[in-house]
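Engineer: Quick one: this structure, given as structure tokens, is what I'll be asking you about.
The values are calculated or read from the model by the stated rules, or taken from the named source; none is laboratory data. Predicted model only: the values in this text are computed from it and were never measured. When we count neighbours, we look across all protein chains shown, and the Cβ atoms used for this are built from the backbone with ideal geometry, even at glycine.
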């Protein structure tokens, strides 16, 4: 037991001794590490001092270099400023020299202006004296001489202008007359329309004189029934085997004529029969109107036309204007407009359509107040015609200013169709008034000796006094007369104004 205790004590002592030895060894190692650390720190401090000294040296060198560069730049700037000051001083001297020159020149100019002013005054006095001498010699003031000179210059300018105008017109006439004649000839050579007399009455032939009594009826009941049903006046006079139908509406008059023809051929004339026959004739007239309108549209080659317009065209079959059938006039105008458009290289559709419809308003002019051109345009506009066609209708008589070439062609075709020889007739009163007004217009010009209206008013010859009017003034007079005639008179076609100036030299041999 004791030995065990000794062993345990010895073991414990050994363990304790080992711990002490390790502790002493660790302490020794710690002391050596601390001494080494101190050495490293000292070395680092010495190295840092060394580096600091080197860095300070480098900084000092860099600063001294920068100082030297700055001093050099300052010296160069100072030298440059000195040179700039020298140049400025030189420029100031040059400017001062130039100012001195300018002042010298200004003085010279003032002297020269003074001399020129004196010379100008002398010239003005001389010119005044010269003008006074000229006025004394010419016995005219300067104002009168100026006016005379202006008048002379204006007259000369007018003469030259008129000569130029005449030359241009002659050249244009030579170049365009043949072309225009060809176009118009081609347009009208295919047309040979019939002509009927315009009238508000129709004469109906009877098979016998006894038929008048049957038409009148007992106590006049048949004729009263006929007039009340048809709206047409039936005139029975002393004309053998004939009665007269009078009405301003041509469609109504034609319907009455057809009714009377059926009654006379049937022989049964009484009020009930008159009403029945009138209704049947009215339907037949409507069919004729529709068929006539369709034939006119087909003949012209116009398609897609409103049925109401076709019907209005057919009504114009029974309407005449100055002896010319209106429907045939429209068809003729459409052909002419299409031919002219083709010759000019234009589209024919709008001119043909506008020319065919330009007088459509005449179908209702007895029912609506106003110009047939404006009425026809409103009808065409309401029935959805193209604006170009409506413009052709409304402008063909000048109520509306023409804005398209198609409208001009429609007006030209209307004038050619209505103005060609034999197409229309005028009342004697209108014809005489137009001729008298033509001669009055021509005689109102100074220097006119005699005036003659010739060729049914298609030409006017004006005889002028040769001593008062020269050749150029005669040309001007012809132009002025033509312009006045265009503004004041209305006429189909054109009127030729011819101014004749004749100079005669007469001597007697003794």
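Engineer: Give all pairs with beta carbons closer than 7 Å in which a residue from segment 201-224 that is closer than 15 Å to residue 266 by Cβ meets a residue that is assigned to a strand (DSSP E or B) and modelled with pLDDT of 80 or more; count only pairs at least 6 apart in sequence or on separate chains.
Structural biologist: Once the first residue is closer than 15 Å to residue 266 by Cβ and sits in segment 201-224, its partners that are assigned to a strand (DSSP E or B) and modelled with pLDDT of 80 or more give 204/242; 204/243; 204/245; 206/242; 206/243; 215/243.
Engineer: Can you go through 304, 286, 347 and tell me which one is surrounded by fewer than 16 Cβ atoms within 10 Å (Cβ to Cβ), part of a loop (DSSP other than H, G, I, E, B) and over 24 Å from the mean Cα position of the chain (by Cα)?
Structural biologist: Testing whether each residue is surrounded by fewer than 16 Cβ atoms within 10 Å (Cβ to Cβ), part of a loop (DSSP other than H, G, I, E, B) and over 24 Å from the mean Cα position of the chain (by Cα) leaves just 304.
Engineer: Which members of segment 440-469 meet the condition of being modelled with pLDDT under 85 and not in a loop (DSSP other than H, G, I, E, B)?
Structural biologist: If the condition is that a residue be modelled with pLDDT under 85 and not in a loop (DSSP other than H, G, I, E, B), then 450, 452, 453, 454, 459 are the ones that fit.
Engineer: List every residue pair whose Cβ atoms sit under 6 Å apart, with the two residues 6 or more apart in sequence or on different chains, where the first one lies in segment 453-473 and is in contact (Cβ under 8 Å) with a residue 60 or more places away in the chain and the second, anywhere, is surrounded by fewer than 16 Cβ atoms within 10 Å (Cβ to Cβ).
Structural biologist: 472/159
Engineer: Go through (1) surrounded by 10 or more Cβ atoms within 10 Å (Cβ to Cβ); (2) modelled with pLDDT of 65 or more for residue 186 and report which single condition fails.
Structural biologist: (2)
Engineer: Let me spell it out: the conditions are (1) farther than 30 Å from residue 471 by Cα; (2) touching a residue at least 12 places away in the same chain (Cβ under 8 Å), and residue 132 meets all of them except one. Which number is the exception?
Structural biologist: (2)
Engineer: Further, regarding this structure: Out of segment 314-351, which residues are touching a residue at least 12 places away in the same chain (Cβ under 8 Å) and at positive phi?
Structural biologist: 322, 323
Engineer: While we're on this one: Going by the conditions given, is residue 232 assigned by TED's automatic domain parsing to the domain that holds residue 326, closer than 30 Å to residue 329 by Cβ, in contact with a helix residue (DSSP H, G or I) (Cβ under 8 Å, 6 or more places away or on another chain) and at pLDDT 75 or above?
Structural biologist: yes
Engineer: Also: Restricting to segment 217-242, name every residue that is surrounded by fewer than 17 Cβ atoms within 10 Å (Cβ to Cβ), at negative phi and assigned to a loop (DSSP other than H, G, I, E, B).
Structural biologist: 236, 237, 238, 239, 240
Engineer: Right, here's the next one. Could you run through segment 489-500 and say how many residues are surrounded by fewer than 18 Cβ atoms within 10 Å (Cβ to Cβ) and at pLDDT 85 or above?
Structural biologist: Of the residues in that region, 2 qualify.
Engineer: Now, a different point. In this structure, does residue 39 turn out to be in a helix (DSSP H, G or I) and either in contact with a helix residue (DSSP H, G or I) (Cβ under 7 Å, 6 or more places away or on another chain) or modelled with pLDDT of 85 or more (or both)?
Structural biologist: no
Engineer: Moving on. Within segment 391-410, can you find the residues that are surrounded by fewer than 21 Cβ atoms within 10 Å (Cβ to Cβ), at negative phi and within 19 Å of the chain's Cα centre (by Cα)?
Structural biologist: 399, 400, 401, 402, 403, 404, 405, 408
Engineer: Could you give me the residue pairs with C-beta distances under 7 Å whose first residue belongs to segment 246-258 and is assigned by TED's automatic domain parsing to the domain that holds residue 319 and within 16 Å of residue 275 (Cα to Cα), whose second residue is at pLDDT 80 or above and not in a helix (DSSP H, G or I) wherever it lies, and which are 6+ apart or on separate chains?
Structural biologist: 252/231; 252/232; 253/232; 253/245; 256/232; 256/245; 257/245
Engineer: Look at residue 245 and say whether it is closer than 19 Å to residue 224 by Cα and either assigned to a helix (DSSP H, G or I) or in contact with a strand residue (DSSP E or B) (Cβ under 7 Å, 6 or more places away or on another chain) (or both).
Structural biologist: So residue 245 fits the description; yes.
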